[in-house]
Each structure stands twice: as C-alpha cells, then as structure tokens.
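Let me begin by presenting the structure, written as structure tokens, before commenting on it.
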Amino acid sequence: MALELDARQRAMLEEMHVRVWWPQAPAPAEPAAAQAEAVAAPVAPPPMAARPAPAVAAPAPVVAATPRPAVAPAADDGRAAAIAAMDWTALQQSVSGCEACKLCGTRKNTVFGVGPAVPQAEAPPRVDWLIVGEAPGEQEDLRGEPFVGQAGKLLDNMLRAVGVSRHGEVRGAQAAFIVNVLKCRPPGNRNPALDEVAQCEPYLKRQIALLQPKIILAVGRFAVQSLLAGSVPDVQTQPLGRLRGKVYRYEAVPVVVSYHPAYLLRSLPEKAKAWADLCLAMETVKSL
Ligand code: URA
C-alpha cells in the first residue's frame, strides 16, 4: 500500500517488532501458532442484523453482506428497542447501571468505551475509526476504560504508527473510539458467555449507529463473530486467519478483521499481519 511512513513511524514499528510488510495473497494454511485465534469454540453470538449494503470502491475485495434470515435477538426485544432509541448520554447511563446479566454482580466498573473528549457530553465524539475488542480485563475493570493494560499499550502503539489515536486528532491523527463486545469484565478473564454477549449486543449496535465510524477494526474472534454473524456464513467456524484480508460490512460500515492485541503479545510473528490489517483499514478509509 502507499502508506507513507516517516523515520519515526518506522522506528516505532521496529520497536514493536513489526516488520513492515505488505499484504500478500493469504497463505493456504494457517501456522499452528495462529490456531489460538482460530474459531475453535464457536460462541455463536446472536447476529447483529447486518443489513446488506452496496459494495463501494475499496482497496481489497469487499465482501458484500449476504442477507440471511432474520434471527430473533436473544436479548429481550423491548429492551433492545429501548436501547436502539437512546442518545449518547442515555446510552452511557444505561450501560453504567446495567443489570441485564450476572456480570453486574462481579464487576467493579462498567467499561463503556473511550475516545476523544467531546465539547458537549451528550453528543458522541466525531471519530474515524471504531476498534472493537472482546471484554474488559482486570485493569480495565478497575479503571473503567478499555485496553489500558499491556494489550492496550500495544494497540495504542500500533494505531499511533498508522496515524490513529484514541485521544482524537492529535497532530493530525485520525480519531478512534475503542469499545468491547462486553461492557463488564467476565470474572478471571474467562471467555464471554452466550447470554452475556446477547445482553450486551444492543449497546454495541447503538454505539455504532451513533458514532458512525468510517471503519470498524474488529480485533479477536469475539468481536469478529459479533459483528459479522449476520452477514458472513460460517463466521463461527472460520479461523480468524482466514477471515483477514477482506473488507466486510456492518450496516454499511466497512469492517476489517485482525488479531487481538493480547494474542499478538504472545505471537510476535503475527504482528506483521496485524500491521497489514491496519494498513488495509487505513487504505479503506482513505478510499472513501
Ligand atoms: N482485552 C479486550 O478485549 N478489551 C480490553 O479492554 C482489554 C483487553
């Protein structure tokens, strides 16, 4: 891709052990190490009712959303409808007081998401990117902010290297909002349970509708499955490595799939692929 990297950006990538690498045709077989991010245990979150959207010019194949039969949301319909009508402030309040699943009994804080400061708190910030992760961990639960631990540092560094920041348009950076599929920490950092994903799904859906990001970067299989279950057949059983490298759609917003930063901390070789995913996302934004 034609991403212009200056010396400082290259040095940052070196520091992160990211060899600058441009996407090649996907390798036929996934290396064993990548299987950790494979969809070995499908979580089958309820589809987020993605609606098919016309493909727009994009630098990589755009996978048009395939209409699938509507599936009744597992969360209570009335509750989901109420959330779908909330403004930004009401949504934040609803998340902070949420008792829809058992995680409310063990969390210290809810984790709504983080992005640029907004002049009027009732309005969502203007953002270019939405990063969707899995669920808060211990540090995030304590601080009420997503991705503040080691994985978050790596995520911030990689975003910064491509010119994106959770703090907004610092020195011309594009602004990112960062959220998780779950707004509360599963005890012991266990995987999200089906009912927890179902109860939290309306929040993520409304966040996306209000933020209207130019691009969604889905990191890790829970985010990918939650966002693409309504439009990508077999997303529950596809290894994440096979889903990478394409631009999908969620309600007309382009979606790029990548590895979870916590996985990248354990798998240095995959960082180059994650860098390629970021480049694909950036190129997609620039092509809009
Ligand atoms: N992992 C996630 O998926 N989200 C966080 O906020 C932290 C770690």
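So the values come out like this:
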{"read-out": "Trypsin sites (Lys or Arg not before Pro) restricted to DSSP loop in region 227-273 with at most 16 other C-beta within 10 Å", "value": "none"}
{"read-out": "Length released on extending from Arg126 to Asn189, taking residue separation times 0.36 nm less the Cα-Cα span", "value": "19.6 nm"}
{"read-out": "Unsatisfied cross-links (Cα-Cα over 25 Å) in the set Lys183/Lys214; Lys183/Lys246; Lys153/Lys183", "value": "Lys183/Lys246"}
{"read-out": "Cα gyration tensor category, rounded, prolate or oblate, for region 155-238 with a/c compared to 1.5", "value": "prolate"}
{"read-out": "Residue exposure sequence - Glu270, Glu134 - by fewest surrounding Cβ within 10 Å", "value": "Glu270, Glu134"}
{"read-out": "Cα gyration tensor category, rounded, prolate or oblate, for region 75-287 with a/c compared to 1.5", "value": "rounded"}
{"read-out": "Near-label residues of region 184-201 by backbone N, under 15 Å of a point 7 Å along Cα→Cβ of Asn109", "value": "184-185"}
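Laboratory data are not the source of any read-out in this text; all were calculated from the coordinates shown. Here the structure is a predicted model, which means the values were calculated and not measured. Here the Cβ is made from the backbone with ideal geometry for all residues, glycine too, and neighbour counts use every protein chain on show.
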